[in-house]
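First comes the structure, then the notes that go with it.
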């Protein structure tokens, strides 16, 4: 169900991109829109991982120096035949974790020092399993495609808003209503779709992480610990909004679920508790 929902939302996002390209430049505009999306995806695919790790000051742990983190990750990956990812520590008090990398062979799983302080080993293992779930589901590739499409929609929306849309067969440009849709509504819809896809992938990673760790209750406990601690810790970075979808727990509070990159913690925890109870 999560996979079908992701496919539907990706299709909807692609339709918004193609419509906006047509609005901006007709058939040629559609090709330009897809070209911009592909170019942005190329950049994101090859360079976003190193940019994010540098942004957070992540320190890659050399093989053999990861301690219990490395032991737990190696045990889970070997059991399911996954490549062993690199492990990184982020020197920050904000408790959180994320996975990055263009594919499972180049994945990095990063945790903050804050997470290691507020979670015990059982909970940390469950968090690592959740991030491995993202890697196994290739969510990093999915969100790269989504990010490229949303950036292209936003860019074309501004172009169409400032320069007007494609002239029809009578030589007329679209009215002010359609221009406002291109300038404001299309980017908003694309952003909402991006957030919905991110929430869907979080549910899928929870499910996969519960299976990898064999302990869904530990992941529920970890989420409770993180959501108690995050409001009392400084944010990871001033640029955190751009990478919030990567985190296991949203670094922001006070936003409705529609405008959040994560499902509500209560919903996630309840699902995991139900799994732990065998329901």
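Bear in mind these aren't lab numbers, they're just calculated from the coordinates by the rules spelled out. Since we're looking at a predicted model, the values are computed, not measured. We place every Cβ from the backbone using ideal geometry, glycine too, and count neighbours over all the protein chains shown.
Give me Rg over Rh for region 73-138, both radii from the alpha carbons and Rh done the Kirkwood way, two decimal places.
Values: Rg = 11.4 Å, Rh = 11.9 Å.
Ratio of gyration radius to Kirkwood radius: 0.96.
Multiply the residue separation of residue 84 and residue 242 by 0.36 nm, subtract the distance between their alpha-carbon atoms, and state the gained length in nm to one decimal.
On the way: separation 158, 0.36 × 158 = 56.88 nm, distance 2.68 nm.
Computed gain between residue 84 and residue 242 is 54.2 nm.
Using a basic spin-label model with each label point 7 Å from the Cα along Cα→Cβ, how many nm lie between residue 211 and residue 259?
My value for the distance between the label points is 3.6 nm.
Can you tell me the length gained on complete extension of the stretch residue 18 to residue 59, counting 0.36 nm per residue apart and subtracting the Cα distance? Don't skip to the end; give the middle numbers.
On the way: separation 41, 0.36 × 41 = 14.76 nm, distance 4.03 nm.
Result for the pair: 10.7 nm of gain on full extension.
Stretch residue 42-residue 106 to full length: gain in nm at 0.36 nm per residue minus the Cα-Cα span?
Working: separation 64, 0.36 × 64 = 23.04 nm, distance 1.59 nm.
Between residue 42 and residue 106, full extension yields an extra 21.5 nm.
Run the quick spin-label model on residue 34 and residue 232: label points 7 Å from Cα toward the beta carbon, then report their separation in nm to one decimal.
Going by the 7 Å Cα→Cβ label model, 5.3 nm.
May I ask you to derive the FRET efficiency for residue 277 and residue 75 from their Cβ-Cβ distance with R0 = 22 Å, giving the value to the nearest 0.05? Display every interim value, and only then the final one.
On the way: r = 25 Å, r/R0 = 1.13.
Given R0 = 22 Å and the Cβ-Cβ separation, E is 0.35.
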